[in-house]
Structures are given as structure tokens and as C-alpha cells.
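One structure is given below, encoded as C-alpha cells.
What follows is calculated from the coordinates using simple rules that are stated; it is not laboratory data. All values derive from a computational prediction rather than experimental measurement. Positions of Cβ are generated from backbone atoms using ideal geometry, with glycine treated the same way; all protein chains shown enter the neighbour counts.
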Amino acid sequence: MDEKLFEARAKIMKSLANKHRLKVVDTLGENIKMCVSDLVKKLDLNQSSVSKHLNILKTAGVVKAEKDGLKVYYSLRTPCIINYFVCVDNVIQNDLEDRMNVLNNK
């Protein structure tokens, strides 16, 4: 495959490699659009942190911003990214099951 594709994938994965940004993406997956103040309340983070995380996700192409009057609303640019979380959760579940099997076979 093309090196640039792997670099682009790595950029997206790096943007998701933070628990707060994962929470932002997960929260935006539940709602269509949210402004920073809504995310601050929902995530119990300060405005500065939420804005920083949104900027990283926006730069990576994960979220998009739309201005409406004085507010900026954020949403997932490609909502199917939530499917990635389902896959990751399956990896966690399978790993847990494998570890439990090892413990039970001792």
C-alpha cells in the first residue's frame, strides 16, 4: 500500500489515542451536533481542554465544525468511526476471555 495512506491512518489513530478525545468522539456519536459548552457539561472537562481536544480531532479530520450565529457546533465528520469503537470493544472482550481461559486452565 501507499506510504501516504499509512501516514494518514496514523494521524487519525494518534488523534484518537487519548481517553478524553475518545469520550468526545463517543459523545458526538450519541448526538448529532454539540457546542463546546454542551461538551464541557457532558464530559466534566474545562472549556480549554474540550477546545484543545476538538481542535486535534478536527485537524485529523475526525470532527467538523459549523458556525451558527455566535456558537460553533461540532459533529463527527464520518459517523462510521463509531464502528471502530465496536471493533476495539470486541478486541478487549476477546482478550479478556482469552486471559480468563488461561487462568481457568491452570
**Message:** Please give the Cα centre distance for region 25-61 versus region 73-93, rounded to the nearest Å.
**Reply:** 15
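Taking Cα pairs under 8 Å and at least six residues apart, what relative contact order does region 3-78 come out at, in percent? Walk me through the numbers on the way to the answer.
Working: 78 pairs, mean separation 25.5, N = 76.
Computed value for region 3-78: 34 percent relative contact order.
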**Asked** Modelled label-to-label distance, residue 5 and residue 33, 7 Å Cα→beta-carbon offset: nm?
**Response** 3.4
**Request:** Hey, can you grab everything whose amide H is under 5 Å from the amide H of residue 63? Only 5+ residues off in sequence or another chain; H modelled, so Pro and N-termini drop out.
**Result:** 58, 77
**Complete:** Among 104, 93, 72, the residue whose Cα sits farthest towards the positive end of the charge dipole of the chain (+1 at Cβ of Lys and Arg, -1 at Cβ of Asp and Glu, taken about the Cα centre) is 72
**Fill in**
For residue 42, counting only lysines whose alpha-carbon sits under 27 Å away and dropping same-chain residues fewer than eight positions off, the answer is 11, 14, 19, 23, 33, 52, 58, 64, 67, 71
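Could you calculate, for region 3-78, the ratio of the Cα radius of gyration to the Kirkwood radius, expressed as Rg to Rh? Mind showing how you got there, number by number?
Values: Rg = 12.3 Å, Rh = 12.5 Å.
Answer for region 3-78: 0.98.
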**Request:** Using θ = phi - 60° and the Karplus relation 6.51 cos²θ - 1.76 cosθ + 1.60, list the HN-Hα couplings for region 90-97 in order, rounded to whole Hz, with x at every Gly or Pro.
**Result:** 5, 4, 4, 4, 5, 5, 4, 4
**Asked** On a 0 to 90 degree scale, rounded to 10, what angle separates helix 47-59 from the longest Cα axis of the chain?
**Response** 80
